Amino acid sequence: MTTAMGAALRRIQFGNALAAFGNGFTAPFLFVYASQVRGLGNGTAGAVLAVFAVVALLVLPFTGRVLDVRGPLPVAYTGSAMGMVGALGFGISESAPSVLVSSALMGAGVAVLQPALATMIVSCSTRVTRSRAFATQFFLNNLGLGVGGLLGGLMVDEHRPATFTLLFVIEAAMFVVLGVVLATVRLPQSGGANADGEREAAAARGAAGAWSVLLRDRSMVLLCVLGFVLFFACYGQFESGLSAYAVEVTRISTSTLGVALAANTAVIVLTQYVVLRLVEKRRRSRVVALVGGIWAVAWVAAGASGLVHGAQAVATGLLITTYALFGVGETMLSPTVAPLVADLAPRRLVGQYNSAFALMKQLALAVGPAVGGLMAAVGAYGAYIVMLVGCSLGVSLLALWLGRRLTPVQDRPHRSVVVAGSGDAPAPGSGADVDVPAEALTGERAAVAAV
């Protein structure tokens, strides 16, 4: 990785952290703001969250083609602009239509930013540095969200709408700053003189052709299914079924639930780089399989917390352990899954692959709360725990199945690069000769520390 690539990557990460900070300011308070502060009722507040999710599902299928034809920077600028307008709209909205329009704009902006930033990170990294780059992005996202949520909670007062308006103005400012920072980024030109020809060819093929290529890639399809189950079994339950189980069955207070969520964030922030050093040279498929096992234990601990009667301290400890174990699994996934998406993608379809995976993630985040909330509403908590333990074990099986389809350079890129650097030829079709230029290999170890 060259010095210019490292400098560009650091700017991308800085802008991403600021955007996460702004999002943390407002995301936890959207429901309360629409329902109570603006007096629009719970129905409108629920619609705000639904629109935010549905719009993301609508725009992501088309985002990949634009990324591959126009490049990630224009898409990132568009996402930042929509996010800024949506945030400002939230701050001044007093009616249901304006709140819903603002939610749609901000949801679309945040949705397209995800694959755009991921594609930019891919452009500024190689197979060796990619795991650390995505781990850093995940770490900064969680740190920004956590700090933003903490400061936002200290600033807001539901009896003073102006305090909420200030939060949305700050979030809008963070979107602007993200756009300004990205304007200083100079992405490396992959493919040299052929880059323009590749983009014209991509434009000619169109979205249908890109999706056709992706759907014929069985490894990518399997990874998308795996991604759906991963996000369904973890993130999709945080604010629905698991929260309801904690309050209704484990019988902890909402303040203690906040402590459990804080434990999840603390584990991620404190252990991300320790975990990274342990897993970045391991087989990716086996790391993901281990995550499934850890999360199965986490769900068993959650189920046990509802069975411990007369020992509330033990029950509370088990539930906090559940959230902490989820955090451990998340730190293992961040340097593993997103880089694997990039390494599976043909160079001309990196944006398409990133968008497709983001679409599966968003779909899981929409379906997960719906299923968890419905099972909580009917009191099917036992079946709920069994379902999530099964999903976690399914993650392990899917990951091992995927590992049998991956090439050595896709499943264990660090070892493959070492072999290539020692003079052996890369495996045919592995892509190592494309993503790891010869002149970058000698300085790769030093460049890792700069990410």
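Got a number for residues in segment 360-372 being crowded, with 22+ Cβ neighbours inside 10 Å and more than 19 Å from Glu330 (Cα to Cα)?
1
What's the number of the condition Ser243 fails, among (1) surrounded by 19 or more Cβ atoms within 10 Å (Cβ to Cβ); (2) touching a residue at least 40 places away in the same chain (Cβ under 8 Å); (3) out of contact with any Phe, Trp or Tyr (no Cβ under 9 Å at 6 or more places or on another chain)?
(2)
Taking helices (runs of 4 or more DSSP H) that do not extend beyond segment 305-418, which have at least 3 residues that are farther than 25 Å from Ala116 by Cα?
Correct list: 312-333, 350-377, 381-403.
Rule-based calculations on the coordinates, nothing more; no lab input. Keep in mind that this is a model prediction, so the values were computed, not measured. Positions of Cβ are generated from backbone atoms using ideal geometry, with glycine treated the same way; all protein chains shown enter the neighbour counts.
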